[in-house]
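Following: one structure in structure tokens, then a few remarks.
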Amino acid sequence: MRNYAALTEIHRELYRLRHAEAILSWDDAVMMPVGGGVARAEALSTLRCLIQRHATQPHMADLFAGAADESGQLPAWDQANLREMRREWMRATALPQSLVEAMSRAESHSEQAWRRLRSANDFAAYLPLFRDVVRLKQEVARALGEKLGLSPYEALLDAFEPGLRVAQITPLFERLRAWLPAAIATTMARQEKEGVVTCAGPYAVERQRELGIEMMHRLGFDFRRGRLDTSHHPFCGGVPEDVRITTRYSSDNFLSALYGVIHECGHARYQQHLPQRWLGLPVAEPRGACIHESQSLLMEMHVGKSRAFLTFAAPMVAAAFPELAAAEPEAFTPVHVLRQLGRVRPTLIRIEADELTYPCHIILRFELETGLIDGSLRPEDLPDAWDMGMRQMLGLTTRGNDRDGCMQDAHWPGGMFGYFPSYALGVLAAAQFFRAAKQACAGLMDQIACGNFAALDAWLDQHVWSQGSFLSSSELIESATGARLSTEAFEEHVERRYVQGEV
């Protein structure tokens, strides 16, 4: 097993280098002073080139050839690890180092400028940087596509969700496009008859942070191997041994920050429960963005926005804001918090969208980014195309408001083209996983109402977390739920919770 052993050692070294990259990137988004931006971009570019060189050492071709001969003697998990190592190597060797360096530098400068220019609603000033990112990402996509035998856009999809193809996405998105408008309209008409009591705040940021940390403890986040911070855009980063999650705060809306924490904690729970024995090797990586997003959306939408969850969580919220709860006690009851959380109405902001309109945001981004990569949509035309899509899908306009339109997400400034479809696929997978968990775990919702997540964690650990990248995403979903990914479980969930109003 000499060749396979040599490859595993190289990939353990790559894991350590990527650990350093992850923490540098986290610091860039969370704590780095503005003046450090140029130097950080250069440092990250150098580090990524070092990773690229290490991942494409000339003798690795011989090692993979030798490991292929050894593979018949390898146990199943080692065979899967070899498969994932080869996949990484194929992608890495498709890109010249000069392109990796240029792409890294452009992404860093673009994302740093985006943080400043988004708040100023200045797409015109951001456009030159965005053009560079799109141009370079097109080069990356072409190079990967040629090496892997994929279309350029599918080569980018494959980076985030291995094996995902446009032909798999299209029928699912077409079904959502056809089915969602009626469900949205029916739900909005029903909810107009419901009263909801709210409390305008202000909600002290420090108390919101304390509430988020308490919630993370209750959800099983391991603070020995992670932390919570603040950023422009909530995210989960780091490595399984050191998971970093962030949220952002508003003094007039505690729910945004709290559910940002719950969402990112879903990501973090997955990260912290990946197979320990294999950490540092590709087979222990999260399976893909679809599965990763399913874990955050399962916690945020199916658990966090259930009556059972609010039975135990609403008193925590009231205790965090005692003066406000005393002045407006009804606003902090499970019924009225649920009505706030479950309100269906179109919004400009993706991460604040309700469950029904959320997929519309993703379908729009999918359509726009395919155009940016294939060249049919020019970067300078993005604001108008975004506005048109929002009008068609949600009846809203972003004309003159690029801050809440095409500049709202960090993904494209950071070069993450091909990621967005995984959010909608994660919506579908979350519904399918949670339905299977409820069928398998008797009394699950009663346990959640008591703040007990042990049975849910055990089911997720057995069927998702502990599997790492041993199976493909489609195999993992079918193994856990007994069916291929579809819209069925999501439609059932929407019909019950929203159209019929059962919570």
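Yes or no: region 365-388 includes at least one residue that is open to solvent by less than 20 Å² (accessible area, probe 1.4 Å), hydroxyl-bearing (Ser, Thr, Tyr) and under 25 Å from Arg165 (Cα atoms). Among the residues of region 365-388, not one is open to solvent by less than 20 Å² (accessible area, probe 1.4 Å), hydroxyl-bearing (Ser, Thr, Tyr) and under 25 Å from Arg165 (Cα atoms), which makes the answer no. Summed over region 451-472, the residues that are open to solvent by 10 Å² or more (accessible area, probe 1.4 Å), out of contact with any Cys (no Cβ under 7 Å at 6 or more places or on another chain) and of a type in the set (Gly, Ala, Ser) give a count of 5. Within region 19-46, track down each residue that is within 24 Å of the chain's Cα centre (by Cα), surrounded by fewer than 16 Cβ atoms within 10 Å (Cβ to Cβ) and farther than 14 Å from Glu111 by Cβ. Those that are within 24 Å of the chain's Cα centre (by Cα), surrounded by fewer than 16 Cβ atoms within 10 Å (Cβ to Cβ) and farther than 14 Å from Glu111 by Cβ: Ala20, Ile23, Met31. When each of His263, His233, His267 is tested for being open to solvent by less than 30 Å² (accessible area, probe 1.4 Å) and at pLDDT below 95, the lone residue that passes is His233. Please specify each residue of region 311-361 satisfying the condition of being open to solvent by less than 40 Å² (accessible area, probe 1.4 Å) and under 17 Å from His493 (Cβ atoms). Hits for region 311-361 are Leu338, Leu341, Gly342, Val344, Ala353, Asp354, Glu355, Leu356, Thr357, Tyr358, Pro359, Cys360. Looking at region 387-503, the helices (runs of 4 or more DSSP H) lying wholly inside it that each contain 2 or more residues that are farther than 30 Å from Glu285 by Cβ sit at 444-449, 488-494. Selection of first residues in region 84-96 that are of a type in the set (Lys, Arg) and of second residues that are outside any helix (DSSP H, G or I), restricted to Cβ pairs under 7 Å at least 6 apart or on distinct chains, gives the following pairs, ordered by first then second residue: Arg87/Pro162. From the list Ala113, Ala94, the lone residue that is modelled with pLDDT of 95 or more, in a loop (DSSP other than H, G, I, E, B), touching a Leu at 6+ places or on another chain (Cβ under 8 Å) and open to solvent by less than 30 Å² (accessible area, probe 1.4 Å) is Ala94. Can you find even one residue in region 440-450 that is among the small types (Gly, Ala, Ser), under 24 Å from Asp122 (Cα atoms) and either modelled with pLDDT under 95 or open to solvent by 30 Å² or more (accessible area, probe 1.4 Å) (or both)? No, region 440-450 contains no residue that is among the small types (Gly, Ala, Ser), under 24 Å from Asp122 (Cα atoms) and either modelled with pLDDT under 95 or open to solvent by 30 Å² or more (accessible area, probe 1.4 Å) (or both). Which of the residues spanning region 168-207 are within 30 Å of Ala320 (Cβ to Cβ) and in a helix (DSSP H, G or I)? Thr187, Gln191, Val205, Glu206, Arg207 - these are the residues of region 168-207 that are within 30 Å of Ala320 (Cβ to Cβ) and in a helix (DSSP H, G or I).
I'm trying to understand the selection: among the residues of region 148-167, which are part of a helix (DSSP H, G or I) and surrounded by 15 or more Cβ atoms within 10 Å (Cβ to Cβ)? Across region 148-167, the qualifying residues are Leu148, Pro152, Tyr153, Glu154, Ala155, Leu156, Leu157, Asp158, Ala159, Phe160, Val166. Whenever a residue of region 175-190 is farther than 10 Å from Leu356 by Cα and in contact (Cβ under 8 Å) with a residue 12 or more places away in the chain, its partners that are part of a helix (DSSP H, G or I) and of a type in the set (A, V, I, L, M), lying with C-beta atoms within less than 8 angstrom and at least six residues away or across chains, give the pairs Arg177/Ile363; Thr186/Val499; Arg190/Val499.
The values are calculated or read from the model by the stated rules, or taken from the named source; none is laboratory data. Keep in mind that this is a model prediction, so the values were computed, not measured. Note: ideal-geometry Cβ built from the backbone for every residue, glycine included; neighbour counts use all protein chains shown. These accessible areas exclude ligands, DNA and RNA; they are computed on the full protein's heavy atoms, side chains included. Shrake-Rupley method; radii C 1.70, N 1.55, O 1.52, S 1.80 Å.
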